[in-house]
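Undergrad: There's a structure below that I have some questions on.
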Amino acid sequence: MSESDSQQRIAVVLPDGSELEVDAGATVEDCAYEIGPGLGSDTAAGKLDGELVAKEEPVYDGAELEIVTDGSEEYLRVMRHSASHCLAQAVERLYDDEEVKLAIGPPTDEGFYYDFDNLEIDEDDLAELEREIEEIVAEDYEIEREDVSIVEAEQRLADEPYKLELLEELADEGDTVSFYKQGEWEDLCAGPHVDSTGEIGVVKLLEIAGAYWRGDEENEMQTRIYGTAFEDESNLEEFIERKEEAEKRDHRRIGSEMNLFSIQDVTGPGLPLYHPAGKTVLKELEDFVEDLNGDAGYDYVETPHVFKTDLWHRSGHYENYADDMFIFDVGDDEFGLKPMNCPGHAAIFQDQSWSYRDLPIRYAENGKVYRKEQRGELSGLSRVWAFTIDDGHLFIRPDQIRSEVEEIMDMITEVLETFDLDYEMALATRPEKSVGSDEIWDRAEDQLEEVLEARAHEYEIEEGDGAFYGPKIDFAFEDAIGRSWDGPTVQLDFNMPERFDLDYVGKDNDHHQPVMIHRALYGSYERFFMMLIEHFEGRFPLWLAPEQVRVLPISDDNLGYAHRVANEFEEFRVEVDQRDSTLERKIRAAHDDRVPYQIIVGDNEEDDGNISVRDRFEDQEYDVEIDEFREHLEAERAEKRSEPDFLQG
Ligand SMILES: [Zn+2]
Ligand SMILES: [Zn+2]
């Protein structure tokens, strides 16, 4: 038999669903050449089952393969990874490379970074580094991959303690590791990379930050340099514009300007404190879902912040989640801050016996939960240790899935539409590893699909993407500047009812297991609040605004009238600007404080018993009747309109 006959054949699945048969051991690049010589020579990298890999990587049987060329979306990621190498090369050229130690330098969604130890640098030095990177790009060094033995790699990395630590782990996976070399510089790296530094378009260094080695605060703090790269100058400019827009909307800055919340060293990291203005907004958000929950037949329950860990053993969270929990001993017992509200609600349901006629049971709670994220990852309200979920858990019969999910979807879409957020929906179905019978999964998935079909809104099916304990519907929405956010979810659960022995007595007098649904309309208040601050740039709709109306007396002579007018609006959050200041300044201040409406009163208004109204678009109307404006405000607040519209026609 010839060698090729004995060669084992394997098959990969291409994006169009067709299969490509190749010899075992074939690389991504081999496959591309198999498809066509043009594609072969254009190949920059590959995606194997969704993971970006070097073109030298061997494929495996059954893998979904996508070839990445310079026309692919992922190409930018490949290029940015190469840009991070140029950054490290530039650092080693300009700084003492005996002193500076290299850590990691991956691409990110927005660009790339590289971490260095023992690097003394500040923002002023970035321009010089950028020039050196430009130099490296202009040199157009070939980027060569080399596979070397572990022993050889150890020798090459003898002066790089962090790389040696990474190498130690790689040594468990195989006999060789790959290096990527460009000019005089090389790095231990799995790739992929572009073919030469000249293929990198424009590189921009963005900022310097501290980062713990491996994200662990027990480790030393290193210097992280962030940057990004684009094909050309115009794409970079567009990115910088978007970034500036995002910074203008940064919830941390607006949060402090508007005195909404603070996170302080003395009270602890990731533990937000809501000030009166922030709590006012939160309270409105809470009331909004409380109304929706009330209409949909939810009962509010309340559970403590701490439970014995027995509960988490029972729910299964302990096995999978203990590392992310705050756990402590009290006497002989172990306790933990709750990372989720569901087990508490399951325990409430379990404490009673139920008949099929009692279901559905719907519990709601604004439940505070605690999750121990890595300190280095904490950021404003987006990553926190303590947050509140507008949580809801339903215990239902399998035949009620459709109607209950329909109701939840109505509630979610009402919330999203109220804030003018465009959204997408996706159904995530049964993964390979799952609990629950085929029958219950099929029945549940069918009902979820029916719900989605019945809505006049597109959705996607994410095959096999469901949790092991049940299918779910995910929402994602887009904010005012086109950023996409993970939104609410409707998650079915066949596992927790089993673990908690939940049951109800059916028509047949037998015991049956209910289906549990986890749902939240906002998700976490913290993240939703953050998103709203940035979405509205702090210019909240009237119903949410911490201060809804401000009365500005033109002079101190009108102060008495200003207070009388304010009294006419006492059902709103109204303030009188009493400062001894010019009207111009008062208008400026109200604008900066993002108050939706200003009422201006001077001698004319006082004589006529009316008011002037000014909105945050700088439009002003004179001779407005107090009653007319109050009625307008009532309607605008009740309808939760997104923008003040008294003067907008
Ligand atoms: Zn690399
Ligand atoms: Zn839950």
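Undergrad: For Gly174, are the conditions met, namely being in the same structural domain as Met221 (by the TED database), small (Gly, Ala, Ser), assigned to a loop (DSSP other than H, G, I, E, B) and more than 33 Å from the chain's Cα centre (by Cα)?
TA: Taking the combined requirement at face value, the residue satisfies it.
Undergrad: Provide a single number: the residues in the range 584-613 that are touching a residue at least 40 places away in the same chain (Cβ under 8 Å) and part of a strand (DSSP E or B).
TA: 6
Undergrad: Hey, another quick one. Please work out which one of (1) in contact (Cβ under 8 Å) with a residue 60 or more places away in the chain; (2) in a helix (DSSP H, G or I) is the condition Glu168 fails and give its number.
TA: Going through the list (1) in contact (Cβ under 8 Å) with a residue 60 or more places away in the chain; (2) in a helix (DSSP H, G or I), Glu168 breaks only (1).
Undergrad: Can you tell me which residue within the range 247-299, out of those that are of a type in the set (S, T, N, Q) and under 26 Å from Ala480 (Cα atoms), is surrounded by the most Cβ atoms within 10 Å (Cβ to Cβ)?
TA: The selected residue is Thr280.
Undergrad: Looking at Gly46, Gly40, which one is without any contact (Cβ under 8 Å) to a residue 24 or more places away in the chain, in contact with a helix residue (DSSP H, G or I) (Cβ under 8 Å, 6 or more places away or on another chain), surrounded by 15 or more Cβ atoms within 10 Å (Cβ to Cβ) and under 30 Å from Ala138 (Cα atoms)?
TA: Gly40
Undergrad: Now for a separate question. Out of the residues in the range 325-365 that are open to solvent by 40 Å² or more (accessible area, probe 1.4 Å) and among the β-branched types (Val, Ile, Thr), state the one that is farthest from ligand 2 (Cβ to nearest atom).
TA: Within the range 325-365, the match that is farthest from ligand 2 (Cβ to nearest atom) is Val330.
Undergrad: May I ask you to say which residue of Asp474, Asp479, Asp493, Asp501 is open to solvent by 70 Å² or more (accessible area, probe 1.4 Å) and among the charged types (D, E, K, R)?
TA: Asp501
Undergrad: Oh, and also: Here's a check for you: in the range 507-527, which residue that is of a type in the set (D, E, K, R) and open to solvent by 60 Å² or more (accessible area, probe 1.4 Å) is farthest from His393 (Cα to Cα)?
TA: Asp508
Undergrad: Check whether at least one residue in the range 82-102 is open to solvent by 10 Å² or more (accessible area, probe 1.4 Å), hydroxyl-bearing (Ser, Thr, Tyr) and more than 23 Å from Asp159 (Cα to Cα), and report yes or no.
TA: no
Undergrad: Continuing with the same structure: Which one is farthest from Glu571 (Cα to Cα) among residues in the range 627-649 that are open to solvent by 40 Å² or more (accessible area, probe 1.4 Å) and assigned to a helix (DSSP H, G or I)?
TA: Glu628
Undergrad: Tell me, yes or no, whether the range 58-75 has at least one residue that is among the small types (Gly, Ala, Ser) and within 14 Å of ligand 1 (Cβ to nearest atom).
TA: Among the residues of the range 58-75, not one is among the small types (Gly, Ala, Ser) and within 14 Å of ligand 1 (Cβ to nearest atom), which makes the answer no.
Undergrad: Show the residue pairs meeting these rules: Cβ distance below 6 Å; 6+ apart or different chains; first residue within the range 246-267 and touching a residue at least 60 places away in the same chain (Cβ under 8 Å); second residue among the aromatic types (Phe, Trp, Tyr).
TA: Matching pairs, first to second residue: Gly255/Phe261; Phe261/Tyr274.
Undergrad: Among the residues of the range 439-459, write down those that are closer than 11 Å to Met425 by Cα and either touching a His at 6+ places or on another chain (Cβ under 7 Å) or surrounded by 13 or more Cβ atoms within 10 Å (Cβ to Cβ) (or both).
TA: Leu452, Arg455, Tyr459
Undergrad: Would you check which residues across the range 549-583 are of a type in the set (Asp, Glu), assigned to a loop (DSSP other than H, G, I, E, B) and in contact with an Asp or Glu (Cβ under 9 Å, 6 or more places away or on another chain) and list them?
TA: Selection gives Glu571, Asp580.
Undergrad: Among the residues that make up the range 121-133, is at least one of them farther than 22 Å from Ile225 by Cβ and surrounded by fewer than 14 Cβ atoms within 10 Å (Cβ to Cβ)?
TA: no
Undergrad: Something else about it: Six or more apart or on different chains, Cβ under 7 Å: which pairs go from a residue in the range 375-404 that's of a type outside the set (A, V, I, L, M, F, W, C) to one that's within 16 Å of ligand 2 (Cβ to nearest atom) and assigned to a loop (DSSP other than H, G, I, E, B)? Could you list them?
TA: Every condition considered, the pairs that remain are Asp391/Asn341; Gly392/Tyr298; Arg397/Pro514; Gln400/Pro360; Glu404/Pro360.
Undergrad: Ok, one more. Here is a list: Phe261, Phe230. Which entry is of a type outside the set (A, V, I, L, M) and closer than 30 Å to Pro107 by Cβ?
TA: Exactly one of Phe261, Phe230 is of a type outside the set (A, V, I, L, M) and closer than 30 Å to Pro107 by Cβ, namely Phe230.
Undergrad: Which condition number in (1) within 18 Å of Val289 (Cβ to Cβ); (2) of a type in the set (Val, Ile, Thr); (3) in contact with a Gly (Cβ under 7 Å, 6 or more places away or on another chain) is the one that Val405 fails?
TA: (3)
Undergrad: Out of (1) under 29 Å from Met530 (Cβ atoms); (2) open to solvent by 20 Å² or more (accessible area, probe 1.4 Å), what's the single condition that is false for Gly609?
TA: Evaluating Gly609 over (1) under 29 Å from Met530 (Cβ atoms); (2) open to solvent by 20 Å² or more (accessible area, probe 1.4 Å) leaves (1) as the failure.
The values are calculated or read from the model by the stated rules, or taken from the named source; none is laboratory data. Remember, predicted model here, so these are calculated numbers, not experimental data. A quick note on method: Cβ atoms are made from the backbone with ideal geometry, for glycine too, and the neighbour counts reach across all protein chains shown. Side chains are part of the model used for accessible areas, which takes the heavy atoms of the whole protein and leaves out ligands, DNA and RNA. Shrake-Rupley method; radii C 1.70, N 1.55, O 1.52, S 1.80 Å.
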